[in-house]
Each structure stands twice: as C-alpha cells, then as structure tokens.
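Novice: The structure that follows is given in the form of structure tokens.
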Amino acid sequence: MRCHFRQVSLVLMLLAVLSNPLPLFASTSKLPQAPEPELRALLQRTIAEASSFNDRFDAEVWLVDMSARLSRFMPDTTQRLELLRLVHSEARKAGLQPEIIIALIHAESRFDRFAISSVGAQGMMQVMPFWKAELGRPQDNLTDNATNLRYGCTILSYYLKKERGDMRRALARYNGSLGQDRYPTKVIGFWQDYWFVRP
C-alpha cells in the first residue's frame, strides 16, 4: 500500500511540474527547476503512444516509476522512455508481465542493445540469430530494440505456455539451461529486488 501511495504521489508531483512552467516554490535557493519543454513534450508523447496501457493514469504511474528505477542503467531519458514503452507493448502482446521482461533484460544484457554473448546471442534480450532463419527473416536486426523485444517476448511466451505457466522452467528454457535453477533464480531475483510493482 505504501509503495502504491508513493507511486501515485510521484505521478501527481510530476504532473504538477509538467502542467506548471513555473518553479514549485517561491524561493530561488537550490530548488528544483521545472523540466525543460522538450522533456515535458517527450513524456507526454510517450504516454500518448503507450497504447498497451488501460488508461493514461496507468501509463503515467508505470512510466514515471520504471523510468526512475532504470535511470541508473540508462541515463538518457529519451532512450529510457522509448525502451519502457516498447517493453510494455511487446510484453502485453505476448501475455507477459513487463516487469519480468525488464528483469530478464537486466540479467541478459544489462540494458545494452549491442550486447553479444559468447554463443552469439544478440541485443537486450539476447536472442539467438538462428531464429531469423527459422522465421524466414534474415534481414531482421536483433540489435534494434523493437525487433529484439518482439522476438524475445514471443519466445518466452511460447516457453511459458509449453511449461503450463511455470515461469522458472520457461526462463530456464529461454536460457537453454532447463534442469538448472541458476538462471531463473537470477532473473526472478532481479525482478523481486529491482522491478517488482505491487498491484
């Protein structure tokens, strides 16, 4: 309950700042400045484009909360908001929780879109290039976030169905380590420690 209250408070504060170009306080000594017009426009555009949310308020709460958490890994606000919008959209299309996808990305690539593993997996979700041949799409670029997320979320969703909703086994299949618990424990640990959102 306290976490939800904090999220709502953060959103309300952000909305107050975004809707008022003047500083929040009368004094000028070391006070936060109103966000630049470009940042205000960017956030408003990101929320408007986030069609996977039930409503605008849900989008604002989630994007503001996740953007603050992700800032330590991705300092650029534009890149953060665009990634979060894509993650939410692709996860929802695949019937997955967006936060578990963020945790998986945290474990796989630490949010580096150009990451390549020792076995050749590429991008944020570390998708193996053989999937392009399987789908007859050799032109696809797995370092493109939208493409990478579409592949990765679809693959994880398939494994989750195959494992009848057992996320640990689905994650192990995704990683190619079925029968071992190290990888699922790492992803679920990141989810619980960094990305979990209370309903």
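Novice: Taking θ as phi - 60°, what are the ³J(HN,Hα) couplings along region 97-110 by the Karplus curve (6.51, -1.76, 1.60), each to the nearest whole Hz, with x for Gly and Pro?
Specialist: For region 97-110, the Karplus-derived couplings read 6, x, 5, 6, 5, 4, 5, 5, 4, 4, 6, 7, 9, 6 Hz, x marking Gly and Pro.
Novice: Taking the Cα atoms of region 94-199, report the difference between the largest and smallest coordinate on each principal axis, in whole Å and largest first.
Specialist: Cα spread of region 94-199 along its principal axes, largest to smallest: 39, 27, 27 Å.
Novice: Binning at 5 Å from 0, report for region 149-199 what percent of all alpha-carbon pair distances ends up in each bin.
Specialist: Bins of 5 Å from zero give 5, 22, 24, 26, 18, 4, 0 percent of pairs.
Novice: Also, I was wondering about something else. Using +1 on the beta carbon of Lys and Arg, -1 on that of Asp and Glu, and nothing else charged, what's the dipole of region 106-181 about the Cα centre, debye to 20?
Specialist: The dipole of region 106-181 has a size of about 220 debye.
Novice: Could you sort 98-106, 77-85, 148-156 so that the peptide with the highest average Cβ count within 10 Å comes first and the rest follow in order? List each step's numbers first, then the result.
Specialist: Numbers: 98-106: 24.1, 77-85: 19.7, 148-156: 22.4.
Per-residue Cβ counts within 10 Å, averaged per peptide and sorted highest first, yield 98-106, 148-156, 77-85.
Here, each number is a calculation from the coordinates, and none is a lab measurement. All values derive from a computational prediction rather than experimental measurement. Glycine also receives a Cβ, built like all others from the backbone with ideal geometry; neighbour counts cover every protein chain displayed.
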